[in-house]
Amino acid sequence: MTGLPFPRVRELSPAPAGLAGLPDQLGRVARDLRVSVTDRCNLRCRYCMPAEGLPWLAKPEMLTDDELVRVVGVFVRLGVRQVRLTGGEPLLRRSLVDVVRRIAELRPRPRIAMTTNGIGLDRLAQPLAAAGLDRVNVSLDTIDAEEFADLTRRDRLHDVEAGLKAASQAGLVPVKVNAVAMRGINDRSVAQLLQWCLDRGYELRFIEQMPLDAQHGWDASTMVSAAEVRERLAERFELTALPESDRGSAPAERFLVDGGPQTVGIIASVTAPFCAACDRTRLTADGQVRNCLFSQRETDLRGPLRDGADDDQLARLIQGEMWRKAPGHGIGSADFVQPDRPMSAIGG
């Protein structure tokens, strides 16, 4: 594991007055907003949360629809061009279709994506597409029913398959599948998963397992690296790397499969982090802005919002949070500390 080629930075200078957009001190500009619309989830994936679940946010702690859409509007005004709805499991927010519709009415209209586990997507794919959702990423680590039940502690693989099919039929394309390979669990079946996705026209992306559950700890030796995933895939498929210039700020290194046109992506979040090109920012379900998934601090918007702050004041708070963004997440460095919030609370 290579870790980062630069140290973490704990204290940075305050944002200058009159700042435009959402830059940080290293010249990166945030244009991609990840919005957690709920911390609740209907799966209990072993690498994400304990079997008994977590203490969920009380409803008064969460942003209302009006508050959420207003804050997203401030981000759009500041230059955000893509909004990705996440959780927890975003499909559990009953007002999700209306939230999507209202975000789609913002100007300039951002592209709207969603990351979901797919359970319930068979019912909601068409209404979400009609409301303005552009595409989906569905988390699916295995297509073996026993492995799925063991990993998620739920026997719901058939529901995920139905959700993927519905997303494709609703035009939420390209339909992407996100997978995490785990040593001794599903690392031997990565090629099988890729073939399954190729057969159905889904675009698969493997993501290195990251230290996201502070309660359970994290051992890098159990992580299946991007290089290992590529080696496993290469045993069955011919992979041709696409030019790096095609990647931009996207985290995945993409490969043509057997000459194309279909592709597979591999995201080396830990062994080859893409922090230097990161253009993301995050809004939690309870109204906190985080400039990095692994940040040790966040800026509260819910309090000022409910105390009567205007949009300009909210914008300055957001800009201040982005300005102090560290060079990288620091995984692999001696002083790395896992986030105290679980992944379901931060948003994917």
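Which of the residues spanning region 142-156 are out of contact with any Ser or Thr (no Cβ under 8 Å at 6 or more places or on another chain) and either at pLDDT below 90 or closer than 18 Å to Cys41 by Cβ (or both)?
Listed by number, the residues that qualify are Ala149, Asp150, Thr152, Arg153, Arg154, Asp155, Arg156.
How many of the residues in region 284-300 are under 23 Å from Gly18 (Cα atoms) and either in a strand (DSSP E or B) or in contact with a Leu (Cβ under 6 Å, 6 or more places away or on another chain) (or both)?
So the count comes out to 5.
Surrounded by fewer than 18 Cβ atoms within 10 Å (Cβ to Cβ), at pLDDT 95 or above and in a loop (DSSP other than H, G, I, E, B): is that true of Ala309 in this structure?
The answer is yes for Ala309.
Among the residues of region 89-104, which ones are in contact (Cβ under 8 Å) with a residue 24 or more places away in the chain and in a loop (DSSP other than H, G, I, E, B)?
Glu89, Arg93, Ser95
Of the residues that make up region 130-146, is at least one more than 21 Å from Ala181 (Cα to Cα) and β-branched (Val, Ile, Thr)?
No; the residues of region 130-146 include none that is more than 21 Å from Ala181 (Cα to Cα) and β-branched (Val, Ile, Thr).
Do we find that Thr86 is β-branched (Val, Ile, Thr), free of Cβ contacts under 8 Å to residues at least 12 places away in the same chain and within 23 Å of Ala315 (Cα to Cα) in this structure? Talk me through it step by step, then tell me what you get.
Values: β-branched (Val, Ile, Thr): yes; free of Cβ contacts under 8 Å to residues at least 12 places away in the same chain: no; within 23 Å of Ala315 (Cα to Cα): yes.
Against the criterion (β-branched (Val, Ile, Thr), free of Cβ contacts under 8 Å to residues at least 12 places away in the same chain and within 23 Å of Ala315 (Cα to Cα)), Thr86 does not qualify.
Could you go through region 80-99 and let me know if any residue there is closer than 16 Å to Cys197 by Cα and either surrounded by fewer than 21 Cβ atoms within 10 Å (Cβ to Cβ) or within 20 Å of the chain's Cα centre (by Cα) (or both).
For region 80-99, residues closer than 16 Å to Cys197 by Cα and either surrounded by fewer than 21 Cβ atoms within 10 Å (Cβ to Cβ) or within 20 Å of the chain's Cα centre (by Cα) (or both): absent.
I'm told Ala220 meets every condition in (1) hydrophobic (A, V, I, L, M, F, W, C); (2) surrounded by fewer than 19 Cβ atoms within 10 Å (Cβ to Cβ); (3) within 27 Å of Gly88 (Cβ to Cβ); (4) at pLDDT 95 or above except one. Can you identify the failing condition by its number?
Ala220 satisfies every listed condition except (4).
I'd like the residue in region 100-118 that is over 20 Å from Ala30 (Cβ atoms) and buried (at least 21 other Cβ atoms within 10 Å of the Cβ) and, out of all such residues, is nearest to the chain's Cα centre (by Cα).
If we filter region 100-118 for residues that are over 20 Å from Ala30 (Cβ atoms), which is where we start, we get 100-102, 104-105, 116-118.
Keeping just the survivors that are buried (at least 21 other Cβ atoms within 10 Å of the Cβ) gives 100, 116-118.
Numbers: Val100: 17, Thr116: 9, Asn117: 12, Gly118: 14 Å.
Looking at residues that are over 20 Å from Ala30 (Cβ atoms) and buried (at least 21 other Cβ atoms within 10 Å of the Cβ), I get Thr116.
Of all residues in region 252-304, which are without any contact (Cβ under 8 Å) to a residue 24 or more places away in the chain, touching a Ser or Thr at 6+ places or on another chain (Cβ under 9 Å) and closer than 22 Å to Trp323 by Cα?
Selection gives Gln288, Glu298.
The values are calculated or read from the model by the stated rules, or taken from the named source; none is laboratory data. All figures in this text were calculated on a predicted structure; none of them were measured in a lab. Please note: Cβ atoms are built from the backbone with ideal geometry, for glycine as well, and neighbour counts cover all protein chains shown.
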